[in-house]
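Derivation of every value follows stated rules applied to the coordinates shown; laboratory data play no part. Computed from a predicted structure; not experimentally measured. Because the Cβ atoms are built from the backbone with ideal geometry, glycine has one as well, and the counts that use them run over all protein chains shown.
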Amino acid sequence: QKEVEQDPGPLSVPEGAIVSLNCTYSNSAFQYFMWYRQYSRKGPELLMYTYSSGNKEDGRFTAQVDKSSKYISLFIRDSQPSDSATYLCAMSATGSGSRLTFGEGTQLTVNP
Amino acid sequence: DVKVTQSSRYLVKRTGEKVFLECVQDMDHENMFWYRQDPGLGLRLIYFSYDVKMKEKGDIPEGYSVSREKKERFSLILESASTNQTSMYLCASSLSWGGRETQYFGPGTRLLVL
């Protein structure tokens, strides 16, 4: 069983929709949770970072972490065609340094 | 802005060839990483380095080696390329050793082994 599970999609939504992307994990030592966005033929770039449980909002993006359920989410409000990309969740444990464990990635297409 | 560059965007090699993939970062980062990305498997860590001449195995080091002679440069070596090493290879760097440190990625090298 993978340490981090992420629905690979693909997910296709109309412009303006609310998008929910999710990951579950099994390692209770994970403390740092990240979402990376990867455009086609590019490397991933950090989108959101959250430490431990709670919510974090940045513009149209909200990251949620529920450590009790070992579940993290990324919400995109008012989705735009420019949000079309693959979204990867990543997480790390205290003491593992910068070593990240990634989900498989969810491919999102926002249709105009 | 942090810039991570990779020597090639696309490479085609033959089975048995020795392949060098190079990565350079320009922000004096201590840590550097090599991943491969495959459909259905996501990003998997091959090797990482937290200092010059230091290296640590990741989750899938078999068939690969690395070299870090200078802080800004991290090379991935396929000693004898095989078809199952056809993949997208991504290099990343981060400033220091801490759980919250952002990893910055290069654009990737798409390697095809025939």
Next on the checklist: Within 15 Å, Cβ to Cβ, of B:GLU56, how many net charges do the neighbouring residues add up to if Lys/Arg are +1 and Asp/Glu are -1?
Outcome noted: +2
Next on the checklist: Residues of the range A:1-34 with the amide nitrogen closer than 18 Å to a label point 7 Å from the Cα of A:ASP78, along Cα-to-Cβ, please.
Outcome noted: A:14-20
Checklist entry - Given Cα pairs under 8 Å that are at least 6 residues apart, what percent is the relative contact order of chain A? => result 37
Checklist entry - With the contact rule set at Cα under 8 Å and sequence spacing of 6 or more, what percent relative contact order holds for chain B? => result 36
Checklist outcome for this item: Across B:30-43, the residue-averaged tally of Cβ atoms belonging to other chains within 10 Å stands at 4
Checklist outcome for this item: Counting other chain Cβ atoms within 10 Å of each Cβ in A:56-63 and taking the mean gives 0
Item to check | Calculated P(r) of the range A:1-73 - Cα pairs past 13 Å, % | outcome: 71
Checklist entry - Tell me, what does the Kirkwood hydrodynamic radius of chain B come to in angstroms if you use every pair of distinct C-alpha atoms? => result 14.0
Item to check | All lysines inside 21 Å of B:LYS57 as judged from Cα atoms, apart from same-chain residues fewer than 8 positions distant | outcome: A:LYS2, B:LYS18, B:LYS70, B:LYS71
Checklist entry - If you average 1/r over every pair of different alpha-carbon atoms in the range A:36-112 and take one over that average, what Kirkwood value in Å do you get? => result 13.5
Next on the checklist: Could you compute Rg(Cα) / (2.2 N^0.38 Å) for the protein assembly as shown, with N its residue count?
Outcome noted: 1.01
Checklist outcome for this item: If R0 = 30 Å, then B:GLU72 and B:GLU17, at their Cβ-Cβ distance, give a FRET efficiency to the nearest 0.05 of 0.70
Item to check | Efficiency of FRET from Cβ geometry, B:GLU56 and A:SER28, R₀ 30 Å, rounded to 0.05 | outcome: 0.80
